[in-house]
Amino acid sequence: MSFFQKIIAGNFVYLLVNTLFFLFITPISIRVMGDDFFGVWSLLNALVIVSVGGTLGVGTIVNKMASEAPNGDASTNYYNRIISSAFLVASMASLLVGGLGFGFREVFVKHVTNNRELQLQLAMAIPVLCVAVLPRFLSQVIVGFLLAQFANRRVRQIETVSMMALWIGGILLASYSKNALIASIWILIVIALSLIWYFRELYRLQKFEFYLDLALLKRILNYAKFTSYESIANIAFAQFDRVLIGAFLGIPLVGVYSVATSIGLRVPLVVGQITEILLPYASKKSVQKNYSRLFVVFRKASRAVSLLVFCLVGILALWMAEILSAWISPEYAQEYGFVFSLVVAAYGLVGLVRVGHQTVVGMGMMRFSSILYTFAVVLTLAVLAWASSLIGLVGAALANFSMGILLFYNLKTYSVLGDSSFIRSVKNMVFDIGLGLCTCLIIPFLTVFAPSVLMKFIITLFILGVALLFILKDKHLYVYGRA
């Protein structure tokens, strides 16, 4: 097994561990915490996650820039200058985000609850989370550096252990006292300990000394102008769609839509375990001007991801009604099964564009990346508002297909690396990802015309047979990861 194949395999192992842990810990958390405090616990964690959007994308910037380091002893000094400059940017951003959170805490707590006791708890808990912003932001810098060194296993190990400690500790504390302030202090402790662990891993790879380079600081800030737009747009796509659903369709359907998108997100999440290494790889090859090799790897990755999306979306969307029936209820499956299939297929498109996105960012096209992503999010939210008001939840699900405009990431990569015309780039893209693309566009609607279990078994066997045929026939799929 090659070096890159080991990284990808390790990513999938940690993804499996995290998934199994959440399947195990979620029902326990709800039973111990109760519905009300579980909502408070989820809100506190959501605030921490959302705050990461204020990092200005500094982790991605460090990932790219650290991948461009010169060989030899000069790399040590270069790394120190990048990390030091990024620490300064992250610290300034954390002060801004933390200050905003502290300043608007009273307005926020009055908006989320009318319970006076809970308002007081949250008013004390939010300043603690504002303090946690600094170690959280600094951790993102080190994560970017570690990923640039392909130390993915160390990052996943810290993330997994920290997440487990956070939830297990939260459950134990809730069994003693259901208090938002105590929960927020525990979150701060876990984040601080995680930062210490990240520093330990940093020093194992790099003898870090603070060295501020104004030229590199200016370069990071220049990149941050664009990555910040993309970070904010990403949060808007992940959260604001639920606000629109609530406004146009009512609160009950927000829960349905949230469950559907949480399942749909599994597709790009799984794909991300493969594409994560492309950003530092593309950055290295761009610095070396080895575009021909990068193009070969890009096309191998595109075909591998297309086959993965073909299998995931094909089987998941096809059997969605049966999955929902066993997981929730037959009535729920009958009413919302088609909506869930549409959302899964739409997120399959998002999975297909990850190869192009990581490569484009790795090549330094930050402006193009941020403008396209921001436009796609604005378009999707606008279509969602319009479509949901016309045809309800089905319209909201269909609106997610607007994110398919991000396929221009892939087209841009074909155009730049392949030095080809737009028509030629489209042909190359369809050849490489056509299998996954067709599946995302066809399978959800096929479920309407193939309701019988026998027919679904036949289609499933067909999907697995085609996947096996492609693996055996296309050597690019077999050797991806050896590049």
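The values are calculated or read from the model by the stated rules, or taken from the named source; none is laboratory data. Keep in mind that what you see is a predicted model, and the values were worked out from it rather than measured. Heads up, the Cβs are rebuilt from the backbone with ideal geometry, glycines too, and the neighbour counts pull from every protein chain shown.
Given the criterion buried (at least 18 other Cβ atoms within 10 Å of the Cβ), part of a helix (DSSP H, G or I) and of a type in the set (Ser, Thr, Tyr), identify the matching residue among 203, 223. Every option except 223 fails the conditions. Checked against the criterion of being in contact with an Asp or Glu (Cβ under 7 Å, 6 or more places away or on another chain) and in a helix (DSSP H, G or I), the candidates 283, 231, 184 yield just one match: 283. Filtering segment 385-400 to residues that are touching a residue at least 24 places away in the same chain (Cβ under 8 Å) and either farther than 14 Å from residue 347 by Cβ or surrounded by fewer than 21 Cβ atoms within 10 Å (Cβ to Cβ) (or both) leaves 385, 388, 389, 392, 393, 394, 398.
Of the conditions (1) in contact with a Leu (Cβ under 8 Å, 6 or more places away or on another chain); (2) surrounded by fewer than 20 Cβ atoms within 10 Å (Cβ to Cβ); (3) touching a residue at least 60 places away in the same chain (Cβ under 8 Å), residue 267 fails just one. Which one is it? Unmet for residue 267, out of (1) in contact with a Leu (Cβ under 8 Å, 6 or more places away or on another chain); (2) surrounded by fewer than 20 Cβ atoms within 10 Å (Cβ to Cβ); (3) touching a residue at least 60 places away in the same chain (Cβ under 8 Å): (2). Selection of first residues in segment 153-181 that are closer than 14 Å to residue 195 by Cα and basic (Lys, Arg) and of second residues that are surrounded by 20 or more Cβ atoms within 10 Å (Cβ to Cβ) and at pLDDT below 90, restricted to Cβ pairs under 8 Å at least 6 apart or on distinct chains, gives the following pairs, ordered by first then second residue: 156/11. The condition (being surrounded by 18 or more Cβ atoms within 10 Å (Cβ to Cβ) and within 22 Å of residue 147 (Cβ to Cβ)) is satisfied by just one residue among 377, 355, 343: 355.
Among the residues here, residue 235 qualifies as among the β-branched types (Val, Ile, Thr) and either in contact with a helix residue (DSSP H, G or I) (Cβ under 7 Å, 6 or more places away or on another chain) or within 30 Å of residue 342 (Cα to Cα) (or both).
Taking the conditions (1) modelled with pLDDT of 80 or more; (2) more than 27 Å from residue 280 (Cα to Cα); (3) not acidic (Asp, Glu) in turn, residue 113 satisfies each one other than (1).
Can you find a residue that is surrounded by fewer than 22 Cβ atoms within 10 Å (Cβ to Cβ), among the hydroxyl-bearing types (Ser, Thr, Tyr) and in a loop (DSSP other than H, G, I, E, B) anywhere in segment 147-161? Scanning segment 147-161 turns up no residue that is surrounded by fewer than 22 Cβ atoms within 10 Å (Cβ to Cβ), among the hydroxyl-bearing types (Ser, Thr, Tyr) and in a loop (DSSP other than H, G, I, E, B). Of all residues assigned to segment 26-38, none qualifies as being touching a residue at least 24 places away in the same chain (Cβ under 8 Å) and within 20 Å of the chain's Cα centre (by Cα). Taking segment 304-341 as the range and being of a type in the set (S, T, N, Q), in a helix (DSSP H, G or I) and modelled with pLDDT under 90 as the test, the residues that pass are 325, 334. Selection of segment 206-220 for residues being part of a loop (DSSP other than H, G, I, E, B) and loosely packed, with under 15 Cβ neighbours inside 10 Å yields 207, 209, 210, 212.
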